[in-house]
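Have a look at the structure below, then the notes.
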Amino acid sequence: MDILEAIDARHSVRRYDGIPISDADAEALLCEIAECNRESGLNIQLVRGEEKAFGGRMAHYGEFSGVRDYIVLIGRRGADLGEKCGYYGERLVLLAQTLGLNTCWVGLTYSKVRSSYTVRKGEKLLLVIAVGHGETEGRARKSKTREQVSRAEGAPPDWFTRGVDAALKAPTALNQQKFMFTLRGNMVTATTSPGFFVKTDLGIAKLHFELGAGKENFTWAK
């Protein structure tokens, strides 16, 4: 499975079989985590064999079961933390999908087990990603249309349409899809309207857009 196939195959999964991920899969994730941390300055960590985070009342409310492994998204507090966590966290989600694993972004319905990871001074744990072998492959959610999440001056080029289509397959909190991609020349602006975890959602959507459009075809507007 390549990365574009992973975008199509990935769906959020909340119920897992309880079998820990293999050492080989963990090593692949750890290598990518190290690269993401190097590029971003984040402090992403993989937690293995830990049952308490998804074993309490909050996880039950979120309908999670069988989660033994998860990724913690940690970084320095700041205006860009949410977008960074979204962009680099989704890189790990898509890698996991190519490894045959399932995932789910989790914002609130888990318990913080602080002995399982390290949060340095000035940092914040923003979100976690459950990872493992799902009882199912999940299912697609209702999506907005291209016209609802994109604007272009004139007829949009094929690469822009591919990028928007990939962004529409990105996971967002409460399936809200509040992002907007605007094209002027070869410059793309990505924005979001107010909502729950929308900066993280924007980071996820921007990664999907890049993968669908091809980074060589456009430049992000500052």
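Side notes on the structure shown:
- Cα-centred dipole magnitude for region 1-62, charges only on beta-carbon of K, R (+1) and D, E (-1), debye, nearest 20: 520 debye
- Tensor-based shape of region 120-203 (alpha-carbon gyration tensor, a/c under 1.5 rounded, otherwise prolate or oblate): oblate
- Chain lengthening between Gln176 and Arg114 when straightened (0.36 nm per residue, less Cα-Cα): 19.3 nm
- Between region 47-89 and region 91-151, the alpha-carbon center distance in angstrom: 7 Å
- Solvent-accessible area of Leu108 with every protein chain in place, 1.4 Å probe, in Å² to the nearest 10: 100 Å²
- Relative contact order of the chain, taken over Cα pairs closer than 8 Å and 6 or more residues apart, is 24 percent.
- Solvent-accessible area of His11 with every protein chain in place, 1.4 Å probe, in Å² to the nearest 10: 40 Å²
- Accessible area of Tyr117 in the full protein assembly, 1.4 Å probe (Å², nearest 10): 20 Å²
- By accessible area with a 1.4 Å probe, ligands and nucleic acids excluded, highest first: order of Arg120, Arg14: Arg120, Arg14
- Helical runs (DSSP H, four residues minimum) scored at -39500 (n - 2.57) apiece and divided by the length of the chain put the mean residue ellipticity at 222 nm at -10500 deg cm²/dmol.
- The apolar share of the surface of region 79-222, taken as the fraction of accessible area on carbon and sulfur atoms (1.4 Å probe, ligands and nucleic acids excluded), comes to 51 percent.
- Evaluated with a Cβ-only charge set (Lys, Arg +1; Asp, Glu -1), region 99-222 carries a dipole of roughly 500 debye about its Cα centre, given to the nearest 20.
- Selected from Asp158, Asp201, Asp17 as most flexible by GNM, with the chain as the system and alpha-carbon contacts under 10 Å: Asp158
- Length-normalised contact order of region 1-131 in % [C-alpha pairs under 8 Å, at least 6 apart]: 34 percent
- What you get for the chain, charging only the Cβ of Lys and Arg (+1) and of Asp and Glu (-1), is a dipole of about 1080 debye around the Cα centre.
- Environment charge at Ala173 (Cβ cut-off 11 Å; Lys +1, Arg +1, Asp -1, Glu -1): +1
- DSSP beta bridges in the chain [antiparallel fraction, %, rounded to 5]: 75 percent
- Choice from Cys31, Cys104, Cys85 showing the highest fluctuation, given a GNM over the chain with Cα pairs closer than 10 Å: Cys31
The values are calculated or read from the model by the stated rules, or taken from the named source; none is laboratory data. Just so it is clear, the structure is predicted and the values come from calculations on it, not from any experiment. Virtual Cβ from ideal backbone geometry, glycine too; neighbours counted across all protein chains shown. We work out accessible area using only protein heavy atoms, side chains counted, and drop any ligands, DNA or RNA first. Shrake-Rupley method; radii C 1.70, N 1.55, O 1.52, S 1.80 Å.
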